[in-house]
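Q: For reference, the structure I am asking about is given below.
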Amino acid sequence: MNLAARDIRHNLGRFALTTFGVGMLLMVVMGMGGIYRGIVEDATLLIDKIGADLWIVQKHTRGPFAELSQVPSNLTQRALSVPGVLSTRDFIYHTIQRVRNDKPLRIAVLGLSWPTDKGEWIPLISGRPLGQNHFEMIADESLGLQLGETIKLGKDVYLVVGISQSMISSNGDGIGFFTVADAQAIQSDAAGEAVRLERASRKARGERSEMGLQQPSNLDLAERPSNELPAISRPQLTAVMVTLAPGADLNQVTRTFSGWGDVSVFTKSGQRELLLKGSVEKIRRQIGLFKILLTVIAAVIMALILYTLTLDKIHSIALLKLIGAPNHVIVGLIMQQALVLGVLGFVIAYLLGQKVFPLFPRRVILLESDLYQLAFIVLVISIVSSLLGIWKAMRVSPNEALS
Amino acid sequence: MDNYYAIEAINLTKIYGSGNTEVIAMQSASLQLKRGEIAALLGPSGSGKSTFLTAVGLINPPTSGTVTIGGQLVLEGQQSQSNLRSFRRQHIGYVFQKSNLIPFLTALENVQISLELNGNSKRESQDKAQQLLDELGIGERSDNLPSMLSGGQQQRVAVARALANQPNVILADEPTAALDSKRGRQVMELFAQVAHSRGAGVIVVTHDHRALDVFDTIYEMEDGKMYQK
């Protein structure tokens with residue numbers, strides 16, 4: 001006779017409520033693991049999806065994700081000339097915050113190297129890749145923008161032509177994909193008054209300079225837009241992405257770029273490591289430790305629940321001993337209930353999580369391996385937690401059945 | 001019938017505490033009961049009746065003395081000669097003032113568990129438990145939980161459980177205390193019938209002097225000492 005099942009049947013409501021509570025607790029543990037995975041995944045998602053073999057960044061920086069980087073725009077062409085390089089792409093990346101519908105809207109702006117890169121590699125759930133050099137964007141669904149919607153950024157209005165899924169920056173902001181030119185325009189957007197003041201300031205500096213005094217005609221140039229001035233460089237890039245030709249030696253090409261005095265170069269795995277050991281390392285460790293803490297708390301709570309469940313039937317246990325039930329029958333009663341509690345709690349946690357986690361502002365990723373690991377932990381917790389109840393049950397004298 | 005006693009308790013003494021706090025709860029109590037006999041154990045509260053019952057019931061061993069059940073020496077002082085829990089399961093049935101049924105098991109399951117613990121198969125245990133409940137006139141309530149049964153019905157289930165493994169000895173501690181006089185007498189007659197028909201030795205601790213005529217032997221305890229009346 002299965003005593004555990006009979007006891008559960010008798011106290012079904014209370015057991016169901018207890019199991020639901022344990023399930024909620026395990027859902028939090030599961031969620032913490034999922035958030036941890038989400039942070040790692042988000043941090044490295046762009047590096048994995050964008051398909052660059054090498055990243056060329058500003059010398060002595062760990063850009064473009066871990067820290068700020070600026071490289072000249074002609075670096076794209078210079079890099080293309082290196083043997084073994086199949087293609088190079090501009091990379092512009094920065095974060096902006098605007099107000100939309102009275103709410104803050106944070107966009108990680110990423111420039112695509114039009115026309116080489118139109119965003120065909122981006123996983124779209126609706127719409128299409130970029131179709132023209134200007135004024136189009138692909139928005140991640142987490143930004144809340146709709147297909148066909150327009151949004152004004154700087155002085156220009158952009159049409160949402162595609163909606164991507166799960167394209168998140170390492171900070172958790174949804175990514176907006178533009179052409180490099182548009183991304184630069186958004187980055188360097190300045191108010192009309194600021195432009196006028198800069199031109200006036202430029203002219204005033206010119207009038208005081210030797211060049212302005214000797215060649216006053218140059219001062220006319222100072223009043224023109226900055227992109228018409230030959231002495232002022234074009235807006236810079238954040239990095240240059242390099243794709244190697246089939247069969248090219250990664251180490252050889254890397255060594256070549258490393259020899260250049262004005263840039264640093266990182267492989268794809270190097271970039272991943274920079275992010276995981278750099279900007280997301282602390283939060284990753286914090287959440288990892290929090291997950292361990294929650295697991296311990298779950299174990300303690302489960303132990304207390306099982307202890308209380310044992311105390312509730314201590315008289316029955318004494319009676320069982322009195323009528324000669326061997327210890328394994330009593331241990332089985334407690335252990336089986338612990339396992340039922342743990343297994344059902346885990347199933348509830350998983351099912352609830354499937355409904356609840358998608359509502360979280362950041363991605364919660366449940367990997368199969370993590371679920372198996374947690375299931376094993378729950379199994380161990382259930383067994384260990386029941387030991388307290390078993391210890392109590394073993395100490396009960398059959399005499400207590402008579403009291 | 002075998003020629004040994006169903007139960008034989010010799011010079012049982014139980015002492016609690018030591019020195020100034022020493023209390024002698026039972027002193028040299030002896031009892032011999034043949035198979036098929038039913039004995040009443042009378043005495044005021046605190047006289048040592050329950051102490052004696054738990055000692056011979058192998059629940060609370062005596063400080064000294066011996067207990068022999070079905071011809072087998074089980075206790076010699078506090079030294080047990082066999083696995084007491086296993087011995088209890090096979091040779092002793094208990095009925096107490098409160099019915100002491102397991103609340104999450106039905107009437108049938110309360111009897112069935114005792115049989116299953118003794119190695120009977122599930123099917124066999126179910127059939128035998130139902131048969132016992134039918135014999136005790138409570139077969140139609142076999143699917144009810146204890147909380148759905150009256151005091152008398154619960155006591156019958158407890159008797160059925162005590163009988164399940166055909167023990168050598170049945171120990172009953174004030175089994176009629178929670179019942180009215182009519183039902184109390186019915187229970188006492190049931191014990192007498194069980195003793196005579198099944199050949200078990202039955203010891204019943206009772207305060208109820210109205211049903212003493214059903215007993216073969218009457219013992220009385222006072223201040224921890226036992227006398228045969």
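Q: Testing A:VAL396 on (1) modelled with pLDDT of 90 or more; (2) in contact with a helix residue (DSSP H, G or I) (Cβ under 6 Å, 6 or more places away or on another chain), one condition comes back false. Which one is that?
A: Failed condition: (1).
Q: Scan (1) touching a residue at least 24 places away in the same chain (Cβ under 8 Å); (2) over 30 Å from A:GLN165 (Cβ atoms); (3) surrounded by fewer than 22 Cβ atoms within 10 Å (Cβ to Cβ) for the single condition A:GLY345 breaks and write down its number.
A: Going through (1) touching a residue at least 24 places away in the same chain (Cβ under 8 Å); (2) over 30 Å from A:GLN165 (Cβ atoms); (3) surrounded by fewer than 22 Cβ atoms within 10 Å (Cβ to Cβ) one by one, A:GLY345 breaks only (3).
Q: Right, next: Restricting the search to the stretch A:5-20, which residues are within 10 Å of chain B (Cβ to nearest Cβ), over 12 Å from B:LEU105 (Cβ atoms) and assigned to a helix (DSSP H, G or I)?
A: Matches in the stretch A:5-20: A:ILE8 only.
Q: While we're looking at this one, here's another question. Any idea which residue in the stretch B:30-65 is farthest from B:LEU163 (Cα to Cα), counting only those that are in a helix (DSSP H, G or I) and free of Cβ contacts under 8 Å to residues at least 60 places away in the same chain?
A: Among residues in the stretch B:30-65 that are in a helix (DSSP H, G or I) and free of Cβ contacts under 8 Å to residues at least 60 places away in the same chain, the one farthest from B:LEU163 (Cα to Cα) is B:ALA55.
Q: Looking at A:ILE175, A:ILE163, which one is surrounded by 13 or more Cβ atoms within 10 Å (Cβ to Cβ) and under 26 Å from A:ASN74 (Cα atoms)? Show your work before the answer.
A: Working: A:ILE163 fails: under 26 Å from A:ASN74 (Cα atoms).
Going through A:ILE175, A:ILE163 in turn, the sole match is A:ILE175.
Q: Is it the case that B:THR68 is among the hydroxyl-bearing types (Ser, Thr, Tyr), under 18 Å from the mean Cα position of the chain (by Cα) and outside any helix (DSSP H, G or I)?
A: Working: among the hydroxyl-bearing types (Ser, Thr, Tyr): yes; under 18 Å from the mean Cα position of the chain (by Cα): yes; outside any helix (DSSP H, G or I): yes.
Yes: the conditions hold for B:THR68.
Q: Continuing with this model, one more query. Please work out which one of (1) in a loop (DSSP other than H, G, I, E, B); (2) among the aromatic types (Phe, Trp, Tyr); (3) surrounded by 13 or more Cβ atoms within 10 Å (Cβ to Cβ) is the condition A:TYR93 fails and give its number.
A: The single condition A:TYR93 does not satisfy is (1).
Q: Still on this structure, I have one more. B:ASP143 is checked against (1) more than 13 Å from chain A (Cβ to nearest Cβ); (2) outside any helix (DSSP H, G or I); (3) charged (D, E, K, R) and fails just one. What number does that condition carry?
A: (1)
Q: Of the residues in the stretch B:66-83, how many are within 16 Å of B:PRO167 (Cα to Cα) and surrounded by 19 or more Cβ atoms within 10 Å (Cβ to Cβ)?
A: Selection size over the stretch B:66-83: 5.
Q: Does B:VAL194 meet the test of being more than 14 Å from every other protein chain (Cβ to nearest Cβ), within 20 Å of B:GLN90 (Cβ to Cβ) and either touching a Pro at 6+ places or on another chain (Cβ under 8 Å) or not small (Gly, Ala, Ser) (or both)?
A: Details: more than 14 Å from every other protein chain (Cβ to nearest Cβ): yes; within 20 Å of B:GLN90 (Cβ to Cβ): yes; either touching a Pro at 6+ places or on another chain (Cβ under 8 Å) or not small (Gly, Ala, Ser) (or both): yes.
So B:VAL194 fits the description; yes.
Q: Output the residue which, of all residues in the stretch A:321-331 that are in contact (Cβ under 8 Å) with a residue 60 or more places away in the chain and buried (at least 16 other Cβ atoms within 10 Å of the Cβ), is farthest from the other protein chains (Cβ to nearest Cβ).
A: In this case the residue turns out to be A:VAL331.
Q: Mind checking which residues of the stretch B:65-112 are more than 14 Å from chain A (Cβ to nearest Cβ) and on the phi > 0 side of the Ramachandran plot?
A: Those that are more than 14 Å from chain A (Cβ to nearest Cβ) and on the phi > 0 side of the Ramachandran plot: B:GLY65, B:GLY70, B:GLY71, B:GLY77.
The values are calculated or read from the model by the stated rules, or taken from the named source; none is laboratory data. Model, not experiment: these values are computed from the prediction. Virtual Cβ from ideal backbone geometry, glycine too; neighbours counted across all protein chains shown.
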